[in-house]
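Worksheet: the structure to be examined is printed underneath.
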Amino acid sequence: MEFKRLEIPDVILIEPPSFEDDRGFFYESYNKKEFDKIVGEEINFVQDNFSCSSSGVLRGIHYQENPFSQGKLVRVSKGKVFDVAIDLREESPFYLSWVSAELSDENKRQLWIPEGFGHAFLTLSDEAHFNYKTTNFYNPSFEKTIIWNDSKIGIKWPEVENLNISEKDLKGEHLV
């Protein structure tokens, strides 16, 4: 596996090697020993989640406050998304900065998003199957949503036809 630290070094792009032949392909999507070594600490995932989204669906910006903050290891098993991690750690030199990666079933990339980050993605294909592991359980009482187009963050979203955003995400908070 190749691990690449992005412009916010705590966010890591993972590119597993894929072995392909006329029957299909195989790749190792997760190896705890290698993952913990590159992250620099032992990470324990407690929940696996899956979402299916149609073209133009934008989900986020979501995060959970302490003590239910979540780290996420995200990937796409079908389709393609524009995935975004936003640094919400006030003590960080990268506070309110964001990084992005295109994740797809073709490139098999994954993104490690540590605790203290907001997360969002935009579906770029007809349909996307989005899989992610979390380091903490979902707790709706600690979930927060930032409006997807908050000017303080300034995410440069790809242009898509028929942007589709849930009512909850449209009512996300604006940063002051």
| request: Please go through the stretch 8-20 and pick out each residue that is more than 13 Å from LEU111 (Cβ to Cβ) and at pLDDT 95 or above. | output: PRO9
| Which one of these does GLU20 not meet: (1) part of a strand (DSSP E or B); (2) under 15 Å from the mean Cα position of the chain (by Cα)? | (2)
| query | Within the stretch 30-63, can you find the residues that are surrounded by fewer than 14 Cβ atoms within 10 Å (Cβ to Cβ), in contact with a Lys or Arg (Cβ under 8 Å, 6 or more places away or on another chain) and either at positive phi or among the aromatic types (Phe, Trp, Tyr) (or both)? | reply | none
| Candidates SER77, SER141, SER92, filtered to the one that is in a loop (DSSP other than H, G, I, E, B), open to solvent by 10 Å² or more (accessible area, probe 1.4 Å) and out of contact with any Ser or Thr (no Cβ under 7 Å at 6 or more places or on another chain) | SER92
| said: Can you pull out every residue in the stretch 72-114 that is of a type in the set (Gly, Ala, Ser) and under 18 Å from GLU127 (Cα atoms)? | reply: SER77, GLY79, ALA101, SER104
| Pair list, Cβ under 9 Å, 6 or more apart: the stretch 165-176 residue touching a residue at least 40 places away in the same chain (Cβ under 8 Å), other residue of a type in the set (Lys, Arg) | ILE165/ARG59; SER166/ARG59; ASP169/ARG59; GLY172/LYS144; LEU175/LYS152
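The values are calculated or read from the model by the stated rules, or taken from the named source; none is laboratory data. Remember, it's a predicted structure, so these values are computed and weren't measured experimentally. All Cβ positions, even for glycine, are placed from backbone atoms using ideal geometry, and neighbour counts span all protein chains on display. These accessible areas exclude ligands, DNA and RNA; they are computed on the full protein's heavy atoms, side chains included. Shrake-Rupley method; radii C 1.70, N 1.55, O 1.52, S 1.80 Å.
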